[in-house]
Structures are given as C-alpha cells and as structure tokens.
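Below is one structure, written out as structure tokens; the observations come after it.
The values are calculated or read from the model by the stated rules, or taken from the named source; none is laboratory data. The shown structure was predicted, so the numbers you read here are calculated from the model rather than taken from an experiment. Here Cβ is always computed from backbone atoms with ideal geometry, including for glycine, and neighbour counts include all displayed protein chains.
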Amino acid sequence: MFAEALHETDLTSRAQVKVVDLGCGSGDSYQSLKEQLPNLDYVGVDIESSPEVDGRTRDDLSFKTYDGINLPFESGTIDIIFCKQVLEHVRHPDALIADVARVLKPGGIFVGSVSFLEPYHSFNIFNWSPYGVVTVFRDNGLRDVMIRPGIDGISLTMRSFLSRMAFDTSFSMESMFNHFTDIQRENLAKSPADVNAQKLAIAGHLCFRAKKGKRFAPQRKTQSHDDQNRRFFICRLLGAPIRGWRQFGRGVLR
C-alpha cells in the first residue's frame, strides 16, 4: 500500500520527503522504500533494545530511539510514517497512534500492516481486528482509513508448524486461501466488495493507510461495556456479523 499511497499525493515530485520507519528494527525496509520513493529522507525509529535492534549492523542510515509512545519529532513535521508489522507489539497503541497523528503534517500519511489472525510470534501483545484499526485510528485523529487484507490467516497458521519456506511466497503473491476466494468469486458470481470482505474476515495481516486530517481533532466516543455486550449478542442471534463484514468491506475497501 506504500506505492498506492504515494500515487494519491504529490510527494514524488518534491525534493525531499520525510519518512519515518516506525519500529524499524535493523532497517531492512529502507531499500524497498528507497526504490519506491527515491527522494525520501529516511529516519528509522525503534525502542532501545529488541532482537532486531540489537542485530542492527547498518551505520549509513539515521536511527532514533523512543520510549514506545513519544516520537522524537516536532509536531507537524513528518510526511509519511511507515509501520510494518509493529503495532501488535506495542504496549500502549492508543497513545502511540495519537503521537503518530501529532507528528504528521496535515494530510500526512500513516501506512503499513498489522497482525489480525496470526499465531503468536516475537512477543506480540495484541492482534488487531479490522474494526479495531479503524476505531483506534479515528479516535486518535487519523482520517480516510483504508484497510486491505494481506496474507490470509490460515496460510500463516500452516506456515507456523509446516515448512516456512513453502509459504513464504504468500507474502509476495496471492496467498492460498485468498486465491481460493477469488475462484469462489468466479464460480458464485460474488461482487468484488463481498470477496474483499471475505478475505478481510480471515486475513492474517491487515494492510492499512490513513491520513492526518487538515484539522487535527481526535474523536473519542465512550460506550459502556453493557451496551457493547448487548449489541454483540444481539448481532450473534440475528446473524448480523456477516452482514456487518460486507457493509464494512464496501465502506472501507476499494
């Protein structure tokens, strides 16, 4: 989604684009970002110590350390924040997303991916649902949130206890059960929105893109647990979750 996000902006025509690689680890994403955006001004940010950070060998890039919440940048100074498979490891995601929105320029882009139906890995704390991504992002000042399914969760689960190499191609090509869903679409004449929603419902990874609004204004809505539980059980009884997925797919996916 990084390349797609670029096409929606005029960033490629600028002399320099400030890109923060949030949760950069060893800096492995730099080369891919550079190929897609030759004029990037790259800064990698991560916590003080992790297996990936401790294994970092590059000394030709700019790296900064942060505390897991407060990003070391002035407000409204960053064009793009790239965050690949990091948010599931963050202890305080609400606070971090709020700070992401703070440091982005108006119209700045937050783009990356996060775990949904992925087995436990590398000390992850949370797995994010599609609705959770949209809710937390919007609550903390991000707008125009788009979500797309990445590799499916079934393939990720099989990869965790079978040959990892056999499933690694699923990260660069359509994964097994996503491909099966496409075949279903042809046989059952399903709409693209329904196919996207079905893929989203079993996604192992969720790819996201969001923007900081021109007027930065976090919107937090409160709802009691009793009300949430009541609505959840009513939806289960009425079979509403499936309809909800489809509506969600039409509203968020392209």
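Look through F116, F123 and report the one residue that is buried (at least 22 other Cβ atoms within 10 Å of the Cβ) and touching a residue at least 24 places away in the same chain (Cβ under 8 Å).
Details: F123 fails: buried (at least 22 other Cβ atoms within 10 Å of the Cβ).
Going through F116, F123 in turn, just one is buried (at least 22 other Cβ atoms within 10 Å of the Cβ) and touching a residue at least 24 places away in the same chain (Cβ under 8 Å): F116.
How many of the residues in the range 108-120 are in contact with a strand residue (DSSP E or B) (Cβ under 8 Å, 6 or more places away or on another chain) and more than 13 Å from I202 (Cα to Cα)?
Within the range 108-120, residues that are in contact with a strand residue (DSSP E or B) (Cβ under 8 Å, 6 or more places away or on another chain) and more than 13 Å from I202 (Cα to Cα) number 7.
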Open item on the list: Looking at the range 74-87 only, could you name the residues that are surrounded by fewer than 23 Cβ atoms within 10 Å (Cβ to Cβ) and either β-branched (V, I, T) or closer than 22 Å to V53 by Cα (or both)?
Closed with: T77, K84, Q85, V86
Task: From the options G44, G27, G23, G68, residue that is buried (at least 20 other Cβ atoms within 10 Å of the Cβ), touching a His at 6+ places or on another chain (Cβ under 8 Å) and either of a type in the set (K, R) or closer than 30 Å to N127 by Cβ (or both) - done: G23
Open item on the list: All but one of (1) outside the structural domain of F180 (by TED's automatic domain parsing); (2) without any contact (Cβ under 8 Å) to a residue 12 or more places away in the chain; (3) loosely packed, with under 15 Cβ neighbours inside 10 Å hold for G132; state the number of the condition that does not hold.
Closed with: (3)
- [ ] Go through the range 41-143 and tell me which strands (runs of 3 or more DSSP E), entirely inside it, have 2 or more residues that are in contact with a Phe, Trp or Tyr (Cβ under 7 Å, 6 or more places away or on another chain).
- [x] 78-84, 104-115
Open item on the list: Cβ-Cβ under 9 Å, sequence separation 6+ or interchain: first residue in the range 37-61 and in contact (Cβ under 8 Å) with a residue 60 or more places away in the chain, partner basic (K, R). Which pairs?
Closed with: none
- [ ] Take R159 and decide whether it is farther than 30 Å from A95 by Cα, of a type in the set (D, E, K, R), at pLDDT below 75 and outside any loop (DSSP other than H, G, I, E, B).
- [x] no
